Structures are given as C-alpha cells and as structure tokens.
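Undergrad: One structure follows; several queries about it will come next.
The values are calculated or read from the model by the stated rules, or taken from the named source; none is laboratory data. As the structure is a prediction and not an experimental result, all values here were calculated from the model. All Cβ positions, glycine included, derive from the backbone under ideal geometry; neighbour counts span all protein chains shown.
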Amino acid sequence: MDKMETVSFKLGGNRITNKGAVNFLKKVRPSCRELDFSNNKIGTEGVHEINSLLLAHSKILHLNLENNGLGDKAVSFLLKNQIQNSSLLKLNLSKNNISDFLHNDLFHFLKGNDVL
C-alpha cells in the first residue's frame with residue numbers, strides 16, 4: 001500500500017486500538033495536517049507512534065486524542081517530546097484519565113510552545 005496523501009483524518013468514535021493506530025500512522029505522509037483519533041483505544045503505543053510522526057513531519061496543526069484512556073504516563077511522554085513543536089495549533093487531551101501530577105509537564109509544554 002502506498003503512503004496516503006490525505007491532509008485530514010477523522011477517525012473518531014471507532015474501535016481503533018494501538019495496533020491499528022501504529023499500522024495506520026506508519027502510512028501517513030507529511031501532507032497530513034489534522035489527526036482525530038478521539039474515542040478510540042490507541043494506548044501508549046499509539047501515542048509513541050503519533051509522537052514519532054510529529055517529530056518527523058511537524059506539520060500537523062490539529063491533534064485530537066480525546067477519550068483514549070491514555071493516562072498520565074502516555075500524555076506526559078507526548079508533552080515532553082512536543083515542547084518545541086511550533087506547528088501544533090490545537091491539542092485535545094480531554095477525557096484521558098490524567099491527574100494533577102501532569103501540571104508540571106503541562107506548564108513546561110505551554111511555556112515552551114509559542115503557538116498554543
């Protein structure tokens with residue numbers, strides 16, 4: 001399968017797991033500007049693949065990871081690795097069971113990101 005050229009992927013409300021997310025994200029091209037994985041179960045492995053995609057391309061403007069049950073560890077990993085991402089304009093992490101323990105990571109992410 002050739003890499004995809006679509007700029008927006010709205011995949012919310014499906015049954016995508018970490019395996020499906022990883023396989024899909026490996027095919028996404030740099031032209032992608034929006035990823036919506038809301039209401040799925042992409043897990044930590046899916047977050048690691050999204051992070052790799054963002055680091056490689058840094059062109060995604062909108063990232064929706066709402067309601068994936070990610071928890072503190074996965075969200076912390078993403079925030080720490082995306083501090084310098086100046087293209088990300090919208091990041092939705094709501095309904096992911098994150099706690100007050102992430103306040104430092106959120107602070108440093110927002111401090112280091114001039115766009116959000």
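Undergrad: Any chance segment 69-77 includes a residue that's assigned to a loop (DSSP other than H, G, I, E, B) and more than 17 Å from residue 27 (Cβ to Cβ)? First the steps, then the outcome.
TA: Restricting attention to segment 69-77, the residues satisfying the condition of being assigned to a loop (DSSP other than H, G, I, E, B) are 69-70.
Filter again for more than 17 Å from residue 27 (Cβ to Cβ), leaving 69-70.
Yes; the residues of segment 69-77 include at least one that is assigned to a loop (DSSP other than H, G, I, E, B) and more than 17 Å from residue 27 (Cβ to Cβ).
Results for (1) in contact with a helix residue (DSSP H, G or I) (Cβ under 9 Å, 6 or more places away or on another chain); (2) outside any loop (DSSP other than H, G, I, E, B); (3) surrounded by fewer than 19 Cβ atoms within 10 Å (Cβ to Cβ), shown as yes or no for each residue.
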{"site": "52", "(1), (2), (3)": "yes, yes, yes"}
{"site": "55", "(1), (2), (3)": "yes, yes, yes"}
{"site": "85", "(1), (2), (3)": "yes, no, no"}
{"site": "97", "(1), (2), (3)": "yes, no, yes"}
{"site": "103", "(1), (2), (3)": "no, yes, yes"}
{"site": "108", "(1), (2), (3)": "yes, yes, yes"}
{"site": "115", "(1), (2), (3)": "no, no, yes"}
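Undergrad: What about residue 47, is it more than 30 Å from residue 103 (Cβ to Cβ) and of a type outside the set (Asp, Glu)? So that I can check it myself, show each step before the final result.
TA: Values: more than 30 Å from residue 103 (Cβ to Cβ): no; of a type outside the set (Asp, Glu): yes.
In short, no.
Undergrad: Here is a check on your reading of the model: is residue 37 at pLDDT 95 or above, more than 15 Å from residue 97 (Cβ to Cβ) and of a type outside the set (Val, Ile, Thr)?
TA: Values: at pLDDT 95 or above: yes; more than 15 Å from residue 97 (Cβ to Cβ): yes; of a type outside the set (Val, Ile, Thr): yes.
When the stated conditions are applied, residue 37 passes them.
Undergrad: Follow-up. Looking only at segment 32-43, count how many residues are more than 25 Å from residue 86 (Cβ to Cβ) and outside any loop (DSSP other than H, G, I, E, B). Don't jump to the end; show me each part of the working.
TA: Residues of segment 32-43 more than 25 Å from residue 86 (Cβ to Cβ): 39-41, 43.
Subsequent filtering for residues that are outside any loop (DSSP other than H, G, I, E, B) retains 41, 43.
Going through segment 32-43 one residue at a time, the tally reaches 2.
Undergrad: May I ask you to list pairs of residues, at least six apart or on different chains, whose Cβ atoms are under 7 Å apart, with the first in segment 11-31 being at positive phi and assigned to a loop (DSSP other than H, G, I, E, B) and the second being surrounded by fewer than 18 Cβ atoms within 10 Å (Cβ to Cβ) and not aromatic (Phe, Trp, Tyr)?
TA: 13/39
Undergrad: Would you please name the residue that is surrounded by the most Cβ atoms within 10 Å (Cβ to Cβ), looking only at residues in segment 20-50 that are aliphatic (A, V, I, L, M) and within 11 Å of residue 70 (Cα to Cα)?
TA: Kept after step one, since they are aliphatic (A, V, I, L, M), are these residues of segment 20-50: 21-22, 25, 28, 35, 42, 47, 50.
Those left that are additionally within 11 Å of residue 70 (Cα to Cα): 42, 47.
Details: 42: 27, 47: 25.
Taking the candidates together, the pick is 42.
Undergrad: Can you tell me which residue in segment 57-68 is farthest from residue 14 (Cα to Cα), limited to those that are in contact with a Lys or Arg (Cβ under 8 Å, 6 or more places away or on another chain) and assigned to a loop (DSSP other than H, G, I, E, B)?
TA: Among those that are in contact with a Lys or Arg (Cβ under 8 Å, 6 or more places away or on another chain) and assigned to a loop (DSSP other than H, G, I, E, B), it is 59.
Undergrad: So which residues in segment 89-116 are in contact with a strand residue (DSSP E or B) (Cβ under 8 Å, 6 or more places away or on another chain) and at pLDDT below 90, if there are any at all?
TA: Kept after step one, since they are in contact with a strand residue (DSSP E or B) (Cβ under 8 Å, 6 or more places away or on another chain), are these residues of segment 89-116: 89-92, 116.
The answer is 116, and nothing else.
Undergrad: Further question on the same structure: Which members of segment 57-75 meet the condition of being touching a strand residue (DSSP E or B) at 6+ places or on another chain (Cβ under 9 Å) and surrounded by fewer than 19 Cβ atoms within 10 Å (Cβ to Cβ)? Steps first, answer last, please.
TA: Filtering segment 57-75 down to residues touching a strand residue (DSSP E or B) at 6+ places or on another chain (Cβ under 9 Å) leaves 57, 60-66, 68-69.
Once the filter is applied, which keeps residues that are touching a strand residue (DSSP E or B) at 6+ places or on another chain (Cβ under 9 Å) and surrounded by fewer than 19 Cβ atoms within 10 Å (Cβ to Cβ), segment 57-75 yields 57, 61, 62, 66, 69.
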